[in-house]
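Here's the structure, in structure tokens; my notes come after.
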């Protein structure tokens, strides 16, 4: 499971000016669930997921993956997770097979198990025809598939998807959705960030709506609908963000 | 560190780079093609130059002496030039009746009366040369025979040669003509000596016979010993830089870095894996260049050995085999050092394009260290052994030349310095990879207006690191330019005013102004805090206790880096000033008290306060000490002042006040000034237990009391450390309290 408490991230620029990307967010994500981080661009979703994947260090707060602290033992955390992001590209000068194999070896998998696991995954994602294709020759969909297989090769208990369907066509996006649903059914803890409401409605059991580094509301989709008495989730999302934006502006004026 | 991960990353990066056509071209194809291409071009160019004769325009041919005629049948006489030279020298002869000759001669006569050739004549001749397509003009305005027949030196010039120094062809023509004229003049001299019944041999009382005792191999080694180490350095640097940019900035650009960072490999393993890749390419580039250049040189030299133009190159010969062996061995540490530096610099770049911009500063930064060994007086000694890159180049030079006895005593020191530098560079790479601000540097939109607004509007209580650096650089720049403006003082009054004004203007004013403009608490920024009287007393006593140690350090530095003649001259001038000083107290005021106050305000005050923005106090002290050392113009003095600065920085950080530092600084400088006037002390002074006065009037501390004082000084420093521990603890708690309050404010606002 993922346990996040008061997670804060402050960036500083050249002139020492501070930008609060995360302002003490807290949430929990359980195994066998898809937890959605929903928010407009710049809400802090990617920063939160980068901290969970140990790429960034938090300024304050606590984050644990399966009980392992991301600050104290990042090496152990990385063995527990699979991270797929719109930014996590694949190497242009490596084939799909080489790429996945490299990450399997980095995870310390034995050659036999790695070979077996890769055969299974390449077959499952219908990628046997691109085994020897270089990254530079792949389409966006193929690249994202390789990226997902790379994240799944060591069979991690926690999977982090950061806007994983951004830029993908409907067919590939649906394949990604199916994969995430299958992973959920396998009992994996999946955290999924997006700014598209329909994706979240389809996939997520619980969601946290983020804006300007804060979680402004969280719960199951039903709980949120009941709380705000709006059944249309897109409208709910829009109104929550708009209301928070107004509060923010009035605070800024003060 | 998991070496299996390092190996995996290393092999991945190697495979990745080997699949990159650009890298392969730069590292493999270019060296293999470049030198053969250059060699073929050189051979072609040499032949091209051989076929170009020189055109010499001669005016006043009939004024040449009839004996030993220089020109025969419109060509240079056979006795003054060989067949080849005659073919390459085409003469354009003017006729007697030409108007231009008359004009030129008449004008030359006028100019000759004034004693110099005028610009008008030069311009006129240049136009004529262009019209006649001549490379050189020789004008003989009046008969030479009449002058020389008297057997005396002509009173004025009787042959004018016009050369265009801006034209290569003209300069070559002059060189050819000069050789011809030397032979011709010798022939005329011999003729005249015969007329006066003097033997030709009487004009040559000395006959030189030069003999080169160096073996052919030694000559070749000497010729290559300076060039090859420099080339190796450049190849290693360029071979490392481009893969480094691709492996860091390129990965950031392509978005694959995040993929790697989220893998089980930690940052250090990633950094080392990439470093090994860059080093492998750096070694390959240097090796391939070396081999390609070696083979090409052998080929070109074999072709040029029969060509006169290739004479110099031909005498060099190919690089000796042993030099190649030493170079190959030296490539590994050099490549590792440059690879680490390149990788650390490239890690900072956000894109490949930005990464390319860092190459020039990198080359410019390392070039002085590479060129230092090229100086004729450069040799491997203790001083040069401590300078990275320079020491390795000098060691290589010694190895190639076979001077093993000369370099052997310093070899271990060179290797130690190189290992330390390589280790430091690798640590820097790992630090860069661990630094979030480096790896995920956001694009900086820098605007002067916004920056100025930020400086005034958002200024903090204390200066930032940038402010400290700016202050240090401003002081250095001001000192540099003022150093040119001031002249050596002629009197004590002039010296006093100049020293004080320069110190206040270049050091005091920038620090004071910046503390007022850039901070909200100028007094705290300058560390003008009252502290316990015991710390003040400790500052004063420490200067006494540690003065013998600093005196020995000074001697050690002067032993390692002996002062140049200029520094000696400057010291003598200063001593001269001291001899004429009106008052010893004035001397103390100028050399001890004023610098202590001004420099402490600037270096331990503003600069150190700003540098303390970095987390490590040691790094902050080092930054302020570096500026303090660099501000002293003499290199040897800079090393000593850096060490003094480290000690003063420690006192300033622990006591949070500059007053103990001022007392230390003033006392230290006062003692140093006093030691310069030690010869004026009576023979039976009361400090014979501590020091003697040497023949040149300097103070020589005795070893045992000196060490004893040093130990006491160390104990005092330990006491300051212990006594100030509680204050630092309070500071840390105060900072924590402020941070929590800020976080609570942010939370309540949202």
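The values are calculated or read from the model by the stated rules, or taken from the named source; none is laboratory data. Since this is a predicted model, take the numbers as computed values, not measurements. Counting neighbours? That spans all protein chains shown, and the Cβs are built from the backbone with ideal geometry, glycine included.
Pick from B:334, B:387: which is part of a helix (DSSP H, G or I), more than 14 Å from chain A (Cβ to nearest Cβ) and either surrounded by fewer than 21 Cβ atoms within 10 Å (Cβ to Cβ) or at pLDDT 85 or above (or both)?
B:334
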query = Is it the case that some residue within the range B:276-295 is touching a residue at least 60 places away in the same chain (Cβ under 8 Å), within 14 Å of chain A (Cβ to nearest Cβ) and crowded, with 19+ Cβ neighbours inside 10 Å?
reply = yes
request  = For the range B:679-692, indicate whether the set of residues that are under 30 Å from residue B:570 (Cα atoms) and either assigned to a helix (DSSP H, G or I) or at pLDDT 85 or above (or both) is non-empty.
outcome  = yes
query = All but one of (1) in a helix (DSSP H, G or I); (2) more than 20 Å from residue B:238 (Cβ to Cβ); (3) at pLDDT below 85 hold for residue B:350; which doesn't?
reply = (1)
key: Matching residues in the range B:609-629 - criterion: being over 28 Å from the mean Cα position of the chain (by Cα) and crowded, with 20+ Cβ neighbours inside 10 Å   = B:609, B:610, B:612
message = Which numbered condition in (1) within 13 Å of another protein chain (Cβ to nearest Cβ); (2) surrounded by fewer than 20 Cβ atoms within 10 Å (Cβ to Cβ) is the only one that residue A:82 fails?
response = (2)
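A quick yes/no check of all residues on (1) modelled with pLDDT of 85 or more; (2) assigned to a helix (DSSP H, G or I); (3) under 16 Å from residue B:647 (Cβ atoms):
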| position | (1), (2), (3) |
| --- | --- |
| B:551 | yes, yes, yes |
| B:556 | yes, yes, no |
| B:574 | no, yes, no |
| B:577 | no, yes, no |
| B:615 | no, no, no |
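Just give me the residues in the range A:85-131 being over 20 Å from residue B:8 (Cβ atoms) and more than 10 Å from every other protein chain (Cβ to nearest Cβ), in sequence order. Write out each step before concluding.
The first filter runs over the range A:85-131 and keeps only residues over 20 Å from residue B:8 (Cβ atoms), leaving A:85-87, A:119-120, A:122-130.
Of everything in the range A:85-131, those that are over 20 Å from residue B:8 (Cβ atoms) and more than 10 Å from every other protein chain (Cβ to nearest Cβ) turn out to be A:119, A:120, A:122, A:123, A:124, A:125, A:126, A:127, A:128, A:129, A:130.
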note = Scanning the range A:123-138 for residues that are under 26 Å from the mean Cα position of the chain (by Cα) and part of a loop (DSSP other than H, G, I, E, B), the one surrounded by the fewest Cβ atoms within 10 Å (Cβ to Cβ) turns out to be A:126
query = Which of the residues belonging to the range B:707-750 are within 14 Å of chain A (Cβ to nearest Cβ) and either surrounded by 14 or more Cβ atoms within 10 Å (Cβ to Cβ) or modelled with pLDDT of 90 or more (or both)?
reply = B:743, B:746, B:750
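Quick grid of which residues meet (1) under 18 Å from residue A:25 (Cβ atoms); (2) at pLDDT 80 or above; (3) in a helix (DSSP H, G or I):
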residue	(1), (2), (3)
A:200	yes, yes, yes
A:209	yes, yes, no
A:216	yes, yes, no
A:242	no, yes, yes
A:246	no, no, yes
A:249	no, no, yes
remark   = Residue pairs qualifying under the 6 Å Cβ cut-off, at least six apart or on distinct chains, with the first in the range A:47-62 being more than 9 Å from chain B (Cβ to nearest Cβ) and the second being in a loop (DSSP other than H, G, I, E, B), are A:51/A:58
ask   = Which members of the range A:64-79 meet the condition of being buried (at least 22 other Cβ atoms within 10 Å of the Cβ) and either more than 7 Å from every other protein chain (Cβ to nearest Cβ) or farther than 30 Å from residue A:20 by Cα (or both)?
value = A:65, A:70, A:77
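For the structure I just gave you, tell me whether residue B:45 is part of a helix (DSSP H, G or I), more than 30 Å from residue B:194 (Cβ to Cβ), under 39 Å from the mean Cα position of the chain (by Cα) and modelled with pLDDT under 80. So that I can check it myself, show each step before the final result.
Details: part of a helix (DSSP H, G or I): yes; more than 30 Å from residue B:194 (Cβ to Cβ): yes; under 39 Å from the mean Cα position of the chain (by Cα): yes; modelled with pLDDT under 80: yes.
Yes, satisfied.
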The listed residue being at pLDDT below 90 and within 30 Å of residue B:613 (Cα to Cα), out of A:44, A:39 = A:44
inquiry  = The conditions are (1) within 14 Å of chain B (Cβ to nearest Cβ); (2) closer than 18 Å to residue A:163 by Cβ, and residue A:193 fails exactly one of them. Which is it?
reply    = (1)
task = Determine whether residue A:132 is within 29 Å of residue A:25 (Cα to Cα) and at pLDDT 85 or above.
result = no
inquiry  = Just the residues that are farther than 23 Å from residue B:160 by Cα and in contact (Cβ under 8 Å) with a residue 12 or more places away in the chain, please, taken from the range B:178-213.
reply    = B:195, B:196, B:203
